[in-house]
Every structure is written in structure tokens, then in C-alpha cells.
Amino acid sequence: MALAKMREWERKYTMATVVALSGSVASGKTTLAKALEERWGGVIISTREVLAKRASERRVSLTNRRDFQEFGDLLDRETGGSWVAEASHASKDTVESLIIIDAVRIEQQVSALREIFGRSLVHVHLETSSREELANRYRKRRGSNAYFEELGSYEEVLENETEALIANLGMHADVVIDTLRNTEKDLLVRCEARLGLLPSLTDPLADVLVGGQYGSEGKGNVSYYLAPEYHSLIRVGGPNAGHKVWHDGKSYTHRSLPSGALSNPHADLIIGPGAVLNLSVLQNELQETGVDPGRVKIDPQVMVITDEDIAAEKDLRRAIQSTGQGAGAAAARRITGRGEPRAQLAKDLPEFASFLHPTADLLHEAFKQGNRVLVEGTQGTGLSLYHGTYPYVTSRDTTVAGALAEVGIGPRRVRRAIMVARTYPIRVNGASGPIGNGNELTWDEIEARSGVEGTEVTELSSVGKKQRRVAEFDWAMLRRSAELNSATDIALTFADYISSHNASAYRYEQLSPATLQFVEEVESVTGASVSLIATSFSDRNIIDRRTWRSGRK
């Protein structure tokens with residue numbers, strides 16, 4: 001090959017990873033090649049197909065493995081082993097991210113490939129240290145080869161001198177993997193790691209948004225605003241929490257879908273494995289919002305709420321003002337129903353079949369591409385099963401850590417932890433638990449302070465439609481919640497409840513003096529920046545003070 005042409009191909013493939021596989025028959029080369037192709041969108045260069053094509057051009061018939069072995073040896077003698085390299089680049093006219101050559105048999109073939117691909121080539125040798133294991137594998141595959149007739153035994157395979165010496169290629173390979181005690185998945189991940197294909201486990205690509213009080217902080221409004229910056233939107237929790245958004249002059253309540261479903265029509269809408277789900281609630285929401293069901297990805301491990309779950313929470317409605325949506329009963333059944341048919345997961349019901357996608361696979365793909373995801377928590381830190389005012393709590397941990405656990409994202413993936421807090425915390429009316437350190441207010445007092453009229457009418461719970469209690473801002477709770485959530489940012493909502501003047505503020509300096517002082521105090525107590533300020537519930541209601549953007553790909 002001319003030097004100029006070789007350099008041209010070398011430059012062309014500089015950005016590609018070229019994998020040349022070697023190893024004994026039945027060592028797992030083709031299985032690995034197909035797995036790499038499926039996982040990374042690569043292209044396989046099959047030397048078996050190249051041999052078949054070359055033989056056809058010469059009108060040579062190849063019917064069994066021995067024919068292929070001998071014809072390959074002939075080409076090696078004629079070309080010095082360069083026929084594999086020639087076929088590899090001649091078969092491609094565009095640059096691919098991954099090229100997999102299945103397979104090489106002699107060192108001269110590898111050397112010819114290195115001349116073309118240079119440092120982009122990685123020679124991976126698969127060895128199986130047990131000859132008996134290889135023989136067993138070969139016996140199992142003899143009847144499954146659709147390409148040519150296999151030989152009578154593994155010993156006959158080794159009668160070919162090249163095949164008998166192929167183990168020696170391990171001495172010159174860049175990577176050697178013993179396949180003796182590995183599953184196909186084991187082999188794939190080990191090879192991915194050695195090739196440098198696996199994304200870093202610590203790239204901070206996830207932002208998490210949670211409530212810092214007792215829910216109803218306005219998380220939906222903030223999530224809707226942020227959503228266009230993300231590739232994937234993820235919801236945790238269950239339909240016992242409703243998140244309101246304002247879209248095209250109309251209010252929508254999301255109980256199952258991420259709140260950015262309408263503001264980002266291109267994002268995947270993921271419901272993570274720790275969630276609980278009511279199918280009828282989801283279907284109604286899809287119909288009301290017009291969201292394409294094809295965007296919805298439900299993890300097979302999601303627990304499905306049944307009518308029995310809803311009935312089981314009847315007493316909780318009276319005792320602690322629960323929404324009674326069955327989320328807690330379903331979560332409990334996930335624990336107590338193990339091994340019983342009544343523990344129904346999404347994967348067990350045919351109605352969910354079109355929605356099922358493992359969250360882990362979706363996240364792997366997103367992180368591999370460097371795409372950002374937004375995890376939207378539900379309810380508030382003060383309602384956490386573990387850290388809230390028990391027994392007046394919900395059935396799950398509502399902190400950042402809880403949300404990450406429900407989705408399956410490690411803490412080192414987190415870039416921003418956004419905690420939403422409203423200027424006056426609220427809880428459902430009745431025996432729903434303490435609020436504001438006992439400093440409760442009336443809605444008349446809020447209206448008198450702020451100048452906002454009609455707050456009592458609008459402050460109804462999203463799901464239960466119950467009147468809410470209101471209290472003074474709880475600074476001690478703010479500090480504790482910021483600590484529990486490692487808050488990097490605060491989204492302050494209902495700024496118009498400090499002053500009705502704020503409803504028409506579109507920049508930070510337009511906020512009332514009392515509001516500016518309030519913001520400074522929040523930042524002092526939490527050590528986090530008040531990055532987002534919601535001034536009303538309208539099309540233009542967020543003052544954005546962030547120094548970061550997500551930059552959706």
C-alpha cells in the first residue's frame with residue numbers, strides 16, 4: 001500500500017476505535033462483536049464474509065469450517081496477511097465511531113491493520129484457559145451455525161496449524177481477556193472498560209429538584225421552566241402528589257408525568273423504578289395534556305397501584321389527611337408482598353408493555369452521550385418518611401437522596417441540588433401535622449401583608465382539593481432541609497405573597513426591598529444561591545439568577 005494512501009486512511013480513522021478480535025474457535029469473539037455493535041452502534045467487518053466473497057470471485061466452493069480455514073491460509077500466503085486490512089478499509093466509505101474486526105488469526109494480519117489504523121487499533125485477544133470448556137462450547141454450537149458446516153469435533157478444528165497456534169496471539173495483543181468463567185454480559189463490560197468506551201461514573205450530568213417544606217412549594221412551575229435544557233426528564237413518587245404548570249394560557253396538573261413534559265416536547269419522560277403508578281391516572285393525564293405516549297418510559301420495576309391499595313388508605317384520610325391515592329399501600333405491598341402474586345410490577349401487566357424501558361439502560365445511554373437529566377422529586381422534605389414530622393408524613397423519603405435512590409443514580413452524578421421553598425409554607429387543613437413551628441397564620445393575614453387578593457380561593461391541594469393551612473416562614477426548617485438535601489440552589493416561590501408588587505417584576509432589582517432582604521437571608525441561612533425566584537403563576541413568572549445552564553444536546 002502506498003504511503004500516502006496509508007496516511008490518508010490513518011487520518012480518516014483517527015477518531016474511531018478499531019477493535020481487532022482474536023481467539024480460539026468458541027472463545028466468544030462473534031458474540032462479543034455483536035454485543036459491541038448493538039451497544040455502541042459500531043460496524044462489524046466479518047472475515048468469514050470476506051473469505052466467502054473472495055472465494056466466490058474465484059469460483060471456489062467453501063462448505064465447511066476446514067474449507068474456510070484453508071482458504072484463509074491461502075490468502076495469508078498470497079498477501080502476507082494484508083487481505084484483512086484491505087477488506088476493513090475498503091468496506092467502509094464513512095467514518096464510524098467503532099469498527100469491529102471479527103476476527104484476526106495471525107500476527108501479520110494485525111501488523112497490516114496497525115499500518116492503516118495506527119494507534120486507533122486495539123487488538124483484543126480472548127483466551128479460554130480450559131481446552132475442555134472450548135470443546136464443550138463447540139459441541140453446543142455445531143448444529144446452530146447457519147453459515148457453513150461445522151467439523152465433527154474441536155480436535156478436528158485444531159488440526160489446522162493456524163488455528164492450533166492462535167493462542168500465541170495473546171502475547172502480542174493490547175488486551176487479553178479470559179472468558180472461562182464469564183457470562184456474555186461480563187465479557188462485554190470488561191471489554192468496554194479496557195477499550196475506554198464506558199462513560200465516567202462521576203460526570204455530573206444529573207440535576208435534582210425537591211421540595212424543602214411540606215410539598216406544594218411550586219416544584220412543577222420550576223421544573224416546567226428548567227425542562228427545555230435537559231435531554232431526559234424523570235419523575236419519582238406517585239400520583240398522590242400533583243404538580244401544576246401553566247402552558248399556553250392553561251393550567252395543567254401532572255400527577256405521573258414529569259412537569260416539563262409540555263415545555264420540552266423532545267425529552268424522554270421517564271418514570272423510575274422506585275415510583276408507584278396508577279394506570280388510569282396516567283392515561284387521563286396523557287389525554288388531557290396531549291403528550292405523545294411514545295415519549296413515556298416506565299421502568300419494569302415500577303409498582304402498580306390497585307383498587308385494593310386505594311381502599312386500604314381510607315382511614316389515613318381521616319387520621320393524617322392523606323390523599324388516599326393508594327401510593328403508601330402499594331409501597332408497603334412491595335415489601336410485604338414479595339413472593340406473592342399480589343405484588344404487581346409494571347412488567348407483570350400487559351397494559352404497560354408498550355411503555356416498558358429499563359431506566360438503567362436509558363440513563364446509560366444518556367450519560368454515554370453526555371446528556372443531562374432532570375430528576376423531579378415530589379412532596380417536600382418535611383414529609384419524608386424518615387426525616388419528617390412522623391406520623392404526619394408520606395410513604396417515602398422525599399429528599400434528594402431518596403429521589404436518587406428511586407431513580408437509580410449515584411450521588412457523584414449530581415451537578416445541582418435545587419431545593420424549592422415558598423415564602424409561606426402550607427399544609428392540608430385539619431390533622432395534617434405541625435407547620436411553621438406553631439406560628440400559623442390566616443389567609444386574611446397573608447392578603448393584608450401582600451396585597452394579593454383571593455389567596456384562600458387558589459390555595460387548594462392539587463390532588464385532594466382541600467383547603468390549606470399557612471404559617472410563618474420556618475427558618476430552622478429551611479436550614480435543616482438545606483443540610484439534608486445538600487442544596488446548591490434555592491428556588492424561592494410565591495414571591496408575590498411578600499408583596500403583590502413582585503407579580504410584575506421581571507428582573508431581580510425590580511423586586512420589593514423586603515423581598516430582596518428576604519432573599520439575602522435565605523442565602524445566608526442555607527449557604528446556597530437563590531437562583532430562581534417565582535413571582536406569579538403565568539407565562540413569564542421566573543426570575544433566573546443562575547450562573548449555570550444545562551445546555552441540552
Since TYR390 meets every condition but one in (1) farther than 23 Å from ILE490 by Cβ; (2) assigned by TED's automatic domain parsing to the domain that holds SER280; (3) surrounded by 21 or more Cβ atoms within 10 Å (Cβ to Cβ), which condition does it not meet?
(3)
Lone qualifier among GLY242, GLY212, GLY220, GLY196 - being surrounded by fewer than 21 Cβ atoms within 10 Å (Cβ to Cβ) and in contact (Cβ under 8 Å) with a residue 24 or more places away in the chain
GLY196
Mind checking which residues of the stretch 115-124 are assigned to a helix (DSSP H, G or I) and buried (at least 18 other Cβ atoms within 10 Å of the Cβ)?
ILE116, PHE117, SER120
Applying the selection to the stretch 264-283, what residues are modelled with pLDDT under 95, of a type in the set (Gly, Ala, Ser) and either over 17 Å from ARG396 (Cβ atoms) or part of a helix (DSSP H, G or I) (or both)?
SER280
Quick check on the stretch 433-466: of everything there that is of a type in the set (S, T, N, Q) and in contact with a Ser or Thr (Cβ under 8 Å, 6 or more places away or on another chain), which residue is modelled with the lowest pLDDT?
SER461
From the list SER538, SER512, SER524, SER531, which residue is over 29 Å from the mean Cα position of the chain (by Cα) and closer than 21 Å to TYR224 by Cβ?
SER538
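A quick yes/no check of all residues on (1) under 30 Å from ALA360 (Cα atoms); (2) in contact with a Gly (Cβ under 8 Å, 6 or more places away or on another chain):
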{"position": "ARG396", "(1), (2)": "yes, yes"}
{"position": "VAL400", "(1), (2)": "yes, yes"}
{"position": "VAL407", "(1), (2)": "yes, yes"}
{"position": "GLY410", "(1), (2)": "yes, no"}
{"position": "ARG415", "(1), (2)": "yes, no"}
{"position": "MET419", "(1), (2)": "yes, yes"}
{"position": "PRO425", "(1), (2)": "no, yes"}
{"position": "VAL428", "(1), (2)": "no, yes"}
{"position": "PRO434", "(1), (2)": "no, no"}
Single condition GLY249 does not satisfy, out of (1) modelled with pLDDT under 90; (2) touching a Gly at 6+ places or on another chain (Cβ under 9 Å):
(2)
I need the full set of residues from the stretch 32-58 which are in contact (Cβ under 8 Å) with a residue 40 or more places away in the chain and under 26 Å from the mean Cα position of the chain (by Cα), in order please.
LEU32, ALA33, ALA35, LEU36, GLU37, ARG39, TRP40, GLY41, GLY42, VAL43
Step by step: first the residues of the stretch 398-412, then only those that are more than 23 Å from GLY430 (Cα to Cα) and assigned to a loop (DSSP other than H, G, I, E, B), then the one that is farthest from the chain's Cα centre (by Cα). Which residue is that?
THR399
Is there a residue being out of contact with any strand residue (DSSP E or B) (no Cβ under 7 Å at 6 or more places or on another chain), under 22 Å from VAL222 (Cβ atoms) and of a type outside the set (Gly, Ala, Ser) anywhere in the stretch 425-444?
no
Return yes or no: is THR488 in contact with a helix residue (DSSP H, G or I) (Cβ under 9 Å, 6 or more places away or on another chain), polar (S, T, N, Q) and surrounded by 14 or more Cβ atoms within 10 Å (Cβ to Cβ)?
no
I'd like the residue in the stretch 509-531 that is of a type in the set (Gly, Ala, Ser) and touching a helix residue (DSSP H, G or I) at 6+ places or on another chain (Cβ under 8 Å) and, out of all such residues, is farthest from THR547 (Cα to Cα).
SER512
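The values are calculated or read from the model by the stated rules, or taken from the named source; none is laboratory data. Bear in mind the structure is a predicted one, so any value in this text is a computation, not a measurement. Cβ atoms come from the backbone with ideal geometry, glycine included; neighbour counts cover every protein chain shown.
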